[in-house]
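The values are calculated or read from the model by the stated rules, or taken from the named source; none is laboratory data. Keep in mind that what you see is a predicted model, and the values were worked out from it rather than measured. Here Cβ is always computed from backbone atoms with ideal geometry, including for glycine, and neighbour counts include all displayed protein chains.
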């Protein structure tokens, strides 16, 4: 059984807190410098971006705009408008 942890990120633009569940060992590899795409390939691009810089799916906008709406549905209560 894999050990998972919850990473909380606060968006620097809107202040929204996003929680992402990740495999602890894979997250440790990313924090030690491994490319996030290699360490956490199972995460969506917008979740990986949130882990990298804290920006929530909605604020990522641009090329992420279509994915942001899907991400909003996946997170549940953490993504309610503030």
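What to note about this one:
- Test: residue in segment 21-44 that is in a loop (DSSP other than H, G, I, E, B), at pLDDT below 95, in contact with a strand residue (DSSP E or B) (Cβ under 7 Å, 6 or more places away or on another chain) and surrounded by 16 or more Cβ atoms within 10 Å (Cβ to Cβ): no
- Hits in segment 45-64 - residues which are over 18 Å from residue 5 (Cβ atoms) and modelled with pLDDT of 50 or more: 45, 46, 49, 53, 55, 56, 57, 58, 59, 60, 61, 62
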